[in-house]
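The block underneath contains the structure these notes are about, expressed in C-alpha cells.
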Amino acid sequence: NFPCLRVKTKANNNISFFDAVFWTMMLSVAVPISVVVIVLFMASYCMGECVVTSAVSSARANAETICDTSDLSSLVMQSDFNTGSEAMCLTSCVAAVNALVRTFPRDGSCDNDPTFLAHYRVQNDQRECSPPNEACTSVYLEYLFYAQSSEGQTCLAGMANARSLLTQTAYDAICSDMCITTMTSYADQLLSEGCGTWPAYLSLRRDLELLCSSEGGEYCEAEYFSNEDDINVASNSTESFATRVASLDVVCTTCFNKIQQIEGKYKEALGLENNEGGLCIQFDTTYCTPTLDEIEDAVAAVGNEDEKVNTRSRLSCASSTTKRCVQRMWSYEFAQPFTTTARKSRLNSYLLYSCLKHQSSDRLCATLTQTLIEGLYLEAPDGFVCTPTDVSNGCSNPAPCLSWDDPNQCSFGCSSGVDDVVQSLGCCFRSVNNFHSAITSSEAATTELFARMEYLSTSCCARQHSDCSELFAPQCSFQADTEQLSITIFNPPYSWIIENEEAFTDVFVQDLALNIGHALSLFSNLNYREVDQGVTVTFDVAAASTTEINEIEAVLADITSRGTFRQWKSLATYEQTSSANVVVACLATLISAIFVSLLLF
C-alpha cells in the first residue's frame, strides 16, 4: 500500500521519488506539475476570508483518524524526506481526504488558504497511489522526467502563461506547440498500458483536455476563467432571479458546455464534486437552476414537513416547463457520485411521485390532496378531538359523517360523502400517502393525515354488507404509457459498445436519466444500431401519461438541438477502459530501478 512513486529508504521513511529528485526545482510536485498552475491561478480569484466550518473540522478529524496521523500535512513529502505515512494510500484514507477537500467552500474564498492548499496537495499526492501495473509507473516516470527537461519546463511555462493572460493568442501558442503533443503521447501510452482508471493518469489527461478544449476556433478554458465572476453570481442562490439569469446568459455558451463535458468524465474518479455541471441546464428558454432555487425558497417558508412536500410538488409541476426543469435538476443531483444513498432515495421519490395526476380528471395529485395535507380530516367540533375511528360526533369532515345514528352502520349520507371523497381523490390518495410516508421524517404524523379517510372508506363498505365503491383505488401508475425513443451518439464506437454491451447499457441509461430528468427505473430495452453519424441508441421509456411522454420527447429534442447531451458516465467508462483491461494491483516492484535513478541523479 505504498504510493506508486514512493520508495522505502534505509531509514524506513516513505519519500516521493519526484520530490527526492526535483524538490528544489520550480513547480515541483508529486503529481502532474500543471496542477500547480491551476491552483495558483485559482488562488488569484480569492473571494474573501476562508471560513472553516464545523463540517470541515469534522471531516479533518475523520481523515486524521483514518489516515493514522495527527497532522495531514505529514502525508506530503518534505525536503528532508523524513515524513509520510504508509496509511496514505489506503482506499479509506484517500476517500477521507477527498471528502475533506470537498467540505471547503468552493466560492474561491479558500483557494489560497494555506490549510486548504495543504490538504489539496495531499489529495494530489494520493493520485499516484496504487498504480494498476508496473508499466503505468514506468511510463509515468518517463513523463515526470520529460516535465523537468528543458523542453518540458518551457512547455509548463507556456501553459502557465496562457492561464495567466487568458488570451486566445497565448492558448494558441501553447496548444499548437509540439510539447503538448508530447505530453498527450504520455497520456496515450498510459491508457494503452491499462492505466485508464489510475487517478494520476486521469489528472494528467483532464488537465490537457481542459487546456486545449475548443469550440468554433476559440479556446474554451480562456473563456471559462474569464467568466468566473458571472459563474459565481449565477451559482449564488441569494442573488435575484433576474441577476442570475443575466449572468447565465453570459456563462452558458457552447464552450462552457464543452468544459462541463470534460469535467463530467473525470471529476468523479478524482474525488471532486462537479458543482457547476448543472448550472446551465435549460428547457426551452428557462434556466433550471434559479427556477428550482426559487421553488425551494417558497417551500422553506411553509409550515410542517408534509405541507412542504406538497408545496414542492404543486410548484414544481405547475407547468410543463417548470416540471421538466425541476426534474432535470433532481436527476442531475441524483447522478452525482457523492449524493448520499438517503438523498438519492428521496430524489427518486420526487421523480416518481411529485407530478402524478388523477387517473381520470387529469388534475395534479398534490393539488387534489392539499386540504387533506392541511389537516381537513383531523378537524373536530369545539370540545372534541377527532380520532380516525370516531363513530359519534368527534370529526367534522366529511360533514355527512359528523354524527352517526347507528354506530354499527354508516348512514346513507356518510357513505355518499365518503364516496365523493374517494372518487375525487382517486389514485391520488394512496400515491400521496405512499410518497409522504417514504420521505417525511415522521411517518406517524403523515399516517394521521390519511387515517380518518382510510378508516371510513373501509368501514362504511364493511358495515353495509354489500358491494360499494368507497374503497380508494391503488396508487397512480408510473408506467401508464410507454414509448420507444432514440438518440444518435458519436462515441463510443459501435464495435466497442457491442463488445461491452452490458457495462455500456448500465452507464448509458444513467446518462439518459440525467439528461432527460426521469427516474432511472423507467428506462428499459436499450438497443444499438450503427449509422453513418455514429450509433443510434433506441430505448423504451415509461411514464404516467401520454402527455408526459410528449414532454420527454420535447426535452430530448431540445437537448439534441443544443448539442448538450452529457455522456458523463458512458464516456468515462469508455475512455478509461477502451485500450486495455485494467489490472487491479498495487505496484510492489521497480523500487531498485527508482533507487538507481536517485543515485544517478
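The values are calculated or read from the model by the stated rules, or taken from the named source; none is laboratory data. It should be emphasised that the depicted structure is a prediction, and the values quoted were computed from it without experimental measurement. Neighbour counts are summed over all protein chains in view; Cβ atoms, including those assigned to glycine, are modelled from backbone coordinates with ideal geometry. In case anyone asks, the SASA skips ligands and DNA or RNA and just uses the protein heavy atoms, side chains included. Shrake-Rupley method; radii C 1.70, N 1.55, O 1.52, S 1.80 Å.
Across segment 371-426, the mean sequence separation of Cα contacts (distance under 8 Å, 6 or more residues apart), normalised by length, yields a relative contact order of 23 percent. Our coupling estimate for segment 371-376, obtained by passing each phi through the Karplus curve with A = 6.51, B = -1.76, C = 1.60 and θ = phi - 60°, is 5, 4, 5, 6, x, 3 Hz, Gly and Pro reported as x.
With R₀ set to 35 Å, the beta-carbon distance separating D177 from E273 gives a calculated FRET efficiency near 0.60. If you average the alpha carbon positions of segment 313-343 and of segment 372-448, how far apart do those two centres end up, in angstrom? Computed from Cα coordinates, the inter-centre distance equals 31 Å. Residue ranges 357-369, 428-440, 332-344 sort as 428-440, 357-369, 332-344 when ordered by packing (mean number of other C-beta atoms within 10 Å per residue, highest first).
What ranking do 280-288, 198-206 get when scored by the average of other Cβ atoms within 10 Å per residue, highest first?
Working: 280-288: 18.7, 198-206: 25.1.
For the peptides 280-288, 198-206, the packing ranking is 198-206, 280-288.
Other residues whose C-beta falls under 15 angstrom from the C-beta of T69 contribute a net charge of -3, scoring Lys and Arg +1 and Asp and Glu -1.
Near Q479, once Lys and Arg are set to +1 and Asp and Glu to -1 for all other residues with Cβ below 12 Å from its Cβ, the sum equals -4.
For the set K267/K308; K265/K344; K265/K357; K357/K569; K258/K569, the pairs lying more than 26 angstrom apart at their alpha carbons are K267/K308; K265/K357; K357/K569. Per residue, segment 173-313 exposes an accessible area of 37 Å² to a 1.4 Å probe, with every protein chain left in place.
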